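The next block holds one structure in the form of structure tokens; read it before the comments.
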Amino acid sequence: MITLQHTRTAPVLREPAIWAGLQVLALGVVAATTGLGPLGWAAGLAYGFATWAFLGYGMQRHRTSALGPADRVTLARGLMVGAVTALVADRAGQDVPVALVVTLAAVALSLDWVDGQVARRTGTSTALGARFDMEVDAFLILVLSAYVAVHMGPWVLAIGLMRYVFVAASWRLRWMNAPLPASYARKVVAAVQGIFLVVAASGLLPYAGVLVGLALASLVWSFGRDVLWLWTNAAVAVGESRHV
């Protein structure tokens with residue numbers, strides 16, 4: 001029985017493990033070019049391990065043994081996010097190679113459009129791929145907000161933490177787990193967060209704080225609208241008290 005379980009599981013975990021190895025290689029390239037201390041290595045490796053674990057679990061849960069082409073684009077983005085994470089953590093937001101961080105983050109954000117196009121054109125859109133894409137985006141926003149917060153103040157962290165607060169609240173309030181209707185405005189707001197944070201991280205604009213403030217305001221509006229919709233609709237749909 002143990003052998004059979006291992007046989008079923010190994011093919012599922014093989015590809016995520018390969019990508020985790022590529023993450024280590026990417027960290028090695030960063031270390032060789034700009035330098036990477038113990039804290040940076042620890043953050044980058046932790047990110048790589050978490051990606052391997054999350055994706056492996058997701059593949060087993062969705063009963064799939066192979067990733068689609070769009071998923072591999074997302075994983076390539078993930079390698080860049082891992083490098084950004086290591087660089088920001090290593091320097092604690094100070095003396096960070098800004099050009100490299102901004103370039104990696106900008107490319108990772110740009111490829112977000114590419115993996116969506118690949119999924120649609122190849123007919124390989126999956127719930128797992130969509131969730132993985134969302135998690136990569138969310139973590140990049142968290143890392144960028146942490147970096148920008150060092151220079152603008154802790155209030156910027158609200159941008160990166162808001163989605164995780166929403167998820168944590170949904171663990172307690174089951175009515176928040178209901179599916180939300182598709183929203184173009186939600187997609188635009190999500191895209192704005194990354195763009196404005198990258199601009200702020202670059203230090204090229206003297207009043208970037210205004211952009212970051214607008215990004216936060218739009219995010220509060222977007223999450224507020226979604227929570228209100230869930231409160232007024234989904235709570236009744238799942239047959240629960242709104243005060244649970």
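The values are calculated or read from the model by the stated rules, or taken from the named source; none is laboratory data. All figures in this text were calculated on a predicted structure; none of them were measured in a lab. No Cβ is skipped: glycine too gets one built from the backbone with ideal geometry, and neighbour counts run over all protein chains shown. These accessible areas exclude ligands, DNA and RNA; they are computed on the full protein's heavy atoms, side chains included. Shrake-Rupley method; radii C 1.70, N 1.55, O 1.52, S 1.80 Å.
What to note about this one:
- Residues that are under 9 Å from Ala89 (Cα atoms) and of a type in the set (Gly, Ala, Ser), drawn from segment 27-41: Gly40
- In segment 30-52, the qualifying residues are those that are in contact (Cβ under 8 Å) with a residue 24 or more places away in the chain and of a type in the set (A, V, I, L, M, F, W, C), and the one that is most open to solvent (accessible area, probe 1.4 Å) is Phe49.
- Qualifying residue in segment 211-227 (condition: at pLDDT below 95, touching a helix residue (DSSP H, G or I) at 6+ places or on another chain (Cβ under 6 Å), within 23 Å of Glu135 (Cα to Cα) and open to solvent by less than 40 Å² (accessible area, probe 1.4 Å)): no
- Elements of the type helices (runs of 4 or more DSSP H) sitting completely within segment 98-194 and holding at least 2 residues that are polar (S, T, N, Q) and open to solvent by 40 Å² or more (accessible area, probe 1.4 Å): these cover 98-122.
- The set of residues in segment 95-110 being at pLDDT below 90 and in contact with a helix residue (DSSP H, G or I) (Cβ under 7 Å, 6 or more places away or on another chain) consists of Val96 alone.
- Residue in segment 23-43 that is assigned to a helix (DSSP H, G or I) and either in contact with a Ser or Thr (Cβ under 6 Å, 6 or more places away or on another chain) or modelled with pLDDT under 90 (or both) present: yes
- Of everything listed in (1) closer than 30 Å to Ala201 by Cβ; (2) surrounded by 13 or more Cβ atoms within 10 Å (Cβ to Cβ); (3) of a type outside the set (Phe, Trp, Tyr); (4) modelled with pLDDT under 90, the single unmet condition for Val73 is (4).
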